[in-house]
Amino acid sequence: MVREQFKRFGQNQPGDTLASSGTASSGSGAVTPLQRLRRWVMQPFARPARPLPVTGKVDRQETIPLTRPSTDADNLDPRSHRAPLKSSKPPHHKPPKRRSGWYWTIVCFAVLGMISGMGSAALLWLVSLPPPPDCEDSARLTLDMERLYCAQQAVDAGGLPELIAGLEMLNQWTSEDALYSETQKLAEEWSKRVLAIARTKIANSDLEGALEAIRHIPETTPVYEDAQRVVAYWQQQWVEGEAIAAKAQEAFKTQNWLLASEQIAAMADLANPYWYEKRANELAQQLGVERRAWQVLIEARKTSEAGSLQALGQAINQAQEVPEGTYAWEEARLSFKQWSQPLLVEGTQKWEAGDPTGAIRTLQLAKVKTSAPELQDLARFSTAYQLANQSILSNTPSSNWFPSLRQLWNLREAISAMQQIPTDSPFYEPAQAIQANFQAQWEDLVQLHYATLTANLGQHAAFHLAIDQAQQVASDRPRRLQAQTLIAYWRERIEQIEDQPYLDHAIKIAERGRIEDLQLAIVEASRIQQGRALRLTAQGQIATWQKQIETIEDKPFLDRARLLADEGNLQEAIVAAQNIAPGRALYSEAQAAIYDWQAQIIWNAQLAEDRPILSRARSLATDGDLSGAIRVASQIGSGRPLYREAQEAIAGWQAQLAPPRREPEPSFRQEETLTEDQTELLEPRRPDAFD
């Protein structure tokens, strides 16, 4: 029955014309099965449809279908429906659509899946934990559980301050609160952690910090009593340890090494690890350091007993090896003050006496390597002298006579070093005097630096302006000599600018090379007056040009004399060269030529005298009279032209007169015993061996 009724919904019922017309008009005209099911369910409760109002004329051929409430009988029997009124358009019937059994199965499974998903989501939401509270925003923490949770997080991530804050917060819960038991457990746990931190502070010698930490342990926790007993024990141990440490320090100060060792042993007997481990080891190490420090100081004092400046400087260098912070260091500081004063006095005296190098060398006998105030005056004076010495002028004018920024900077640094001498120093007054001198030099140097910048323009007016600026340095100022030197230099530059045109013009005229041009150049260069900057340069040019004139005038005489000498007329050549007067440019050259010619004349004369003598000697030798030949040839004296030739002939003739003598021949036995040297002596000698 029900299945047949569902089938009927697939057809268009006549009574549904009006109801479906609205749906068809709004959509595509097709009615879905779900709409039909809905209409079937709601049909018994539907009211009779009222006829629609008719406006205007109605076509009599068209009728409006009327429906009445359908009953179950009508729905069961399709013949019970009333036939529709006649209409001009017959009703359109759609064929029913059949749905397979798989369709409704899928629909059911989909519904079941949706219900299962919703149930699973609801169950997951019920069993999942809520998000943790935002501990950063304390104003929104309204629940006790949230505040307790945030306190636990802070304690786990922090240190002692967070533990103390957590313990103070736990005091807000009373025994009536639901979380009281939980807070008590946390209070006990956190108190143990505070006590552990206090033990760590005790191990680091922080008794005050340990006591302050234990003070925050609540009295209601079981840890409180243990903490109080630990505090009492610590305080007792601390008093004993401090007393032993004080005795040990006094022993170090008085160099009582035996007593210091006993105190270290007594401290090692204490029960607290802080004292028998850390402090005992520290005192043992301090004992070794103090003993070595006193040994170094004693050696330095022995060195200073010599009393010389070198000995005092060496003693200061030795005493600076004493470690700072020791008791020996305090004694060394007193020795520094005593030993450094003679060095400072000697260095200051040398500086004031004009010996900056000696002053610096004296102060540098002590190499300051520590920050001891007693040695700082020595270091400051040494630094100031070195800086000021770099701006001191040399004895002769040089490049450092011109002020520079480096000289200004060095003087300013020297002034700063003197300003650091404290008022309670015994050298405060000398330092002030030296500082005043450095300040005056710096002011003069600034004035001269401006003058130098002006003079560097290189113009005539710039040099005059620079001189005016330099003249502002008064005669009683420390840089007066430098100012006067610069003024003299700039005046020379002015004279060079004024006289250089005369000299350039004279040089240009002399380039022609004629006598009249050279004489005119001499006149032009002579316009540079005596004492002017270019006077020496001009005189040098004038002397050169004068020699050129003399050379041009005397060269013909010398040329003629050489021509005569080449022709063999040596006497006439000498007479011609003697026309060059002394002091002339070619005089030295002429005299040298005359000397050569005179020597040649003498040579020729001696050659003419000795040639016949040597010829006569050779003639005698040819005749066999070797002795007579030697006697005649010996008349030619040494230094004469034929002397060597005569000596060679004499040597030959002497060799002919004295032939080698024959030695008796040795016996056979003697020849066997002769040495090689003796054999060489027996060999006959050549005639030339007698020469």
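Observations on the structure shown:
- From the list Leu626, Leu558, Leu564, Leu570, the lone residue that is of a type outside the set (Lys, Arg), touching a Phe, Trp or Tyr at 6+ places or on another chain (Cβ under 6 Å), assigned by TED's automatic domain parsing to the domain that holds Ile515 and touching a residue at least 12 places away in the same chain (Cβ under 8 Å) is Leu570.
- Test for Ile549: is it crowded, with 16+ Cβ neighbours inside 10 Å and touching a Ser or Thr at 6+ places or on another chain (Cβ under 9 Å): no
- All conditions in (1) touching an Asp or Glu at 6+ places or on another chain (Cβ under 7 Å); (2) under 30 Å from Glu374 (Cα atoms); (3) surrounded by 20 or more Cβ atoms within 10 Å (Cβ to Cβ) hold for Arg479, with the sole exception of (2).
- Test: residue in the range 452-464 that is touching a helix residue (DSSP H, G or I) at 6+ places or on another chain (Cβ under 6 Å) and free of Cβ contacts under 8 Å to residues at least 12 places away in the same chain: yes
- When the test is whether a residue is hydroxyl-bearing (Ser, Thr, Tyr), surrounded by fewer than 21 Cβ atoms within 10 Å (Cβ to Cβ) and touching a residue at least 24 places away in the same chain (Cβ under 8 Å), Thr362 does not pass it.
- Residues located in the range 402-417, provided they are surrounded by fewer than 17 Cβ atoms within 10 Å (Cβ to Cβ) and of a type in the set (S, T, N, Q): Ser404, Ser416
- Residue check for Ser181: at pLDDT below 75, surrounded by fewer than 14 Cβ atoms within 10 Å (Cβ to Cβ) and in a helix (DSSP H, G or I): yes
- Checked against the criterion of being of a type in the set (A, V, I, L, M), part of a loop (DSSP other than H, G, I, E, B) and surrounded by fewer than 24 Cβ atoms within 10 Å (Cβ to Cβ), the range 366-373 has at least one qualifying residue.
- Restricting the range 190-225 to residues that are under 50 Å from the mean Cα position of the chain (by Cα), free of Cβ contacts under 8 Å to residues at least 12 places away in the same chain and closer than 17 Å to Ala165 by Cα, the residue that is surrounded by the fewest Cβ atoms within 10 Å (Cβ to Cβ): Ala196
- With respect to being at pLDDT 75 or above and under 24 Å from Ala328 (Cα atoms), Ala246 fits the description.
Residues are listed down the side, and each one gets a yes or a no for (1) closer than 27 Å to Thr370 by Cβ; (2) in the same structural domain as Leu344 (by TED's automatic domain parsing); (3) surrounded by 13 or more Cβ atoms within 10 Å (Cβ to Cβ); (4) hydroxyl-bearing (Ser, Thr, Tyr):
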{"position": "Ala227", "(1), (2), (3), (4)": "no, no, yes, no"}
{"position": "Gln235", "(1), (2), (3), (4)": "no, no, no, no"}
{"position": "Gln263", "(1), (2), (3), (4)": "no, no, yes, no"}
{"position": "Ala280", "(1), (2), (3), (4)": "no, no, yes, no"}
{"position": "Val289", "(1), (2), (3), (4)": "yes, no, yes, no"}
{"position": "Pro323", "(1), (2), (3), (4)": "yes, yes, yes, no"}
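- Qualifying residue in the range 306-326 (condition: part of a helix (DSSP H, G or I) and hydroxyl-bearing (Ser, Thr, Tyr)): no
- Test set (1) in a loop (DSSP other than H, G, I, E, B); (2) under 30 Å from Ala561 (Cα atoms); (3) among the β-branched types (Val, Ile, Thr) - Ile636 fails condition number: (2)
The values are calculated or read from the model by the stated rules, or taken from the named source; none is laboratory data. What you see is a predicted model, and the numbers here were worked out from it, not measured in a lab. Don't worry about glycine lacking a Cβ; one is built from the backbone with ideal geometry, like all the others, and counts go over all protein chains shown.
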